[in-house]
Amino acid sequence: MSKFDDIKIPNNIDEVTKKAIARGKNYTRRKKQKKIMIASATIIIIGTGIIGVGIKNPSIADSISIIKNILNYFYDNKESLYESDKKDLEKTGVDLNLTVEDKGIEFTINSISVDDNYITIFHTVKTDKNIKEIDKSYKEAYFANPIERLYIDGKDVIEGEIIEQEATYMSDNELKGMRKIDVSNVEIPNNTEIELRVDEIFGVKGNWSIFTKIDKSNAIAETYNYNINKDFIVKNTYDYKEEKIDINHKINIEKVIISPLASKIVINEKSTKTFDDWSSMLGNSFALFDQDGKSLDVVDKGGFGFDHRGIATNSYEFLKADKNTKSLTLVPISYDETIENYDLEPQSIDKLPIVFETSEYGKLIVEDIQITDEQIKYTYYKEGVVPYYANLWFYDEDGKELQIGYKVKEKLDRSTGRYTKILDIYQEDIEDIKNIKKISTFSNSDMKLLYDQQIKIDLLKYKNK
């Protein structure tokens, strides 16, 4: 049986999609809760199944040393959230220039960049209509960006996986965009033929389907695969309906992939207890350390829950690892519901960098903050273990908190471990940003690292180049 024969589709995929879109579009005011989940680098979105048809120009462009289409994309989209990934995307990219047309809409895949963690697609869409007038939600190119699905031998191999994306308008009737598809939990050999399907563009149902071959030639030499396949038990205690519930998480660490586009750990999980209204997951509640004890940031990109078998399979990206990483130590994190998190003492934005000690395990360092008439942009990095993306609260000179609403985007520089958050302020709160003099964030006081249950992984033992 093929590895693609048992693809699982989350029952709640439509609902998850709606919630993901809403998070990106309507994130407004701060909510004081222990683990705040926000839209990340490119607001998380999930696609649905897609059907396609044939190609207008099936010949692939001649291989060239400079991937012109990727260079052009970043030239055209100067606000790209993936600027820091440009060199790696060029290095692992191939120009295609494959076009299909249906219902008066022309869809072109300009380039794809591939390694064992991600397939990144760069595409262009053209139509004779004004895209922004087709649907009022399309005024932001992000929401007009078409969704490709990845098929092999007619089967959707990443159904339900988290997909990152962004887009920009070139004119009223032309859009350029990119989409990242996580392929870390499937094996796609080099030169495998894939199909990229789209069945709706700008609200129009149609058939757009493009076939090409995966070319990982430029990534293979710098990709390190470690097939672990080891089982572990993580024990945790939870507060559930005013009772203490002991739950064992059966963890299978499937593999680790360190490649040009990312570093990922793939984990299968099954819980010993589930309830009608709650299923406990360890998820990404863990810290990672290398052989020298250096903390490796676990990137908060969410994940998927249990399938009908009661198994959750997720791949978690982490930073600060490379080909010289010899081992990983995974330390589970628990949260004590009886301990209240609190806002840290506000600090003046005139005294950068600002160091916030969020817990005994880590620090958050804000090294830059820029405030314009309608936007706040700040850059930070982490030392030690700081889970989740950082949210800042804003205060005036007297320490009064400013309730500012905004839409949020976040960039991640994988090479430096720097996060940049961009807050587009709602019109009714524009005046408030002029009064920002201090910032704060919340503590992780309730967080505890379970060192007595740490899991050590000798990567060299499992190396499979």
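The values are calculated or read from the model by the stated rules, or taken from the named source; none is laboratory data. Note that the structure is a prediction, hence the values are computed from the model and not measured. All Cβ positions, even for glycine, are placed from backbone atoms using ideal geometry, and neighbour counts span all protein chains on display. Each accessible area value is taken on the protein alone, full model and side chains, heavy atoms only, with ligands, DNA and RNA left out. Shrake-Rupley method; radii C 1.70, N 1.55, O 1.52, S 1.80 Å.
Per residue, how large is the accessible surface of segment 323-387? Use a 1.4 angstrom probe and give square angstrom. All intermediate terms of the calculation are to be shown ahead of the outcome.
On the way: 3420 Å² over 65 residues.
Normalised by residue count, the accessible surface of segment 323-387 is 53 Å².
What is the dipole size for segment 306-465, taken about its Cα centre, with +1 at each Lys and Arg Cβ and -1 at each Asp and Glu Cβ, in debye to the nearest 20? Write out the running numbers ahead of the final one.
Values: 23 positive and 30 negative charges, 302 e Å.
Dipole size: approximately 1440 debye.
Each 10 Å bin from zero up to the one holding the largest Cα-Cα distance in segment 142-208 carries the following percent of pairs: 18, 47, 28, 7.
Applying both filters, DSSP loop and at most 14 other Cβ atoms within 10 Å, to the trypsin sites (Lys or Arg not before Pro) of segment 210-282 gives Lys241, Lys273. Here segment 147-246 is treated with +1 on each Lys and Arg Cβ and -1 on each Asp and Glu Cβ, and its dipole about the Cα centre works out to around 180 debye.
Phi angles of segment 252-267 translate, via the Karplus equation with coefficients 6.51, -1.76, 1.60 and θ = phi - 60°, into HN-Hα couplings of 10, 7, 6, 6, 10, 10, 10, 9, x, 8, 4, 10, 9, 10, 9, 10 Hz per residue; Gly and Pro are given as x.
Restricting the calculation to Cα atoms, segment 218-322 shows an Rg/Rh of 1.02 when the hydrodynamic-style radius is the Kirkwood one.
For Met170, the solvent-accessible surface computed with a 1.4 Å probe is close to 70 Å², ligands and nucleic acids excluded.
Tell me which of Asn464, Tyr426, Gln453 sits at the most positive position along the dipole axis of segment 415-465, charges placed on C-beta atoms (Lys, Arg +1; Asp, Glu -1). Sorting the options by dipole projection puts first Asn464. For trypsin sites (Lys or Arg not before Pro), the sites in segment 126-196 that DSSP calls loop and that have at most 13 other Cβ atoms within 10 Å are Lys129. Using the Karplus relation 6.51 cos²θ - 1.76 cosθ + 1.60 with θ = phi - 60°, the per-residue 3J(HN,Hα) values for segment 107-113 come to 10, 10, 8, 7, 8, 9, 10 Hz, with x marking Gly and Pro. For the cross-link pairs Lys213/Lys411; Lys320/Lys438; Lys155/Lys463; Lys180/Lys216; Lys126/Lys213; Lys205/Lys301, which exceed 19 Å when the distance is taken from alpha carbon to alpha carbon? Over 19 Å Cα-Cα: Lys213/Lys411; Lys320/Lys438; Lys155/Lys463; Lys126/Lys213; Lys205/Lys301. Per residue, segment 72-116 exposes 39 Å² of solvent-accessible protein surface, assessed with a 1.4 angstrom probe and all protein chains in place. Running Debye on segment 319-465 with equal point scatterers at the Cα sites and no solvent, what base-10 log of I(q)/I(0) appears at q = 0.16, 0.21, 0.22 Å⁻¹? Per q value, in the given order, log10 I(q)/I(0) is -0.95, -1.34, -1.41.
The distance between label points at Met170 and Glu140 comes to 2.4 nm (points 7 Å beyond Cα on the Cα→Cβ vector). Spin-label model, Asp432 to Asp276: label points 7 Å out along the Cα-to-beta-carbon direction sit 4.0 nm apart. For segment 196-271, the residue among Ile257, Ser217, Ile233 whose Cα projects farthest onto the positive side of the dipole built from Cβ charges is Ser217.
Computed from phi, the 3J(HN,Hα) profile of segment 180-194 under the Karplus parametrisation 6.51, -1.76, 1.60 (θ = phi - 60°) reads 9, 10, 7, 10, 5, 9, 10, 9, 10, x, 4, 6, 5, 7, 10 Hz, with x in place of Gly and Pro.
Two numbers describe the Cα atoms of segment 135-268: Rg and Dmax, which are 20.1, 58 Å.
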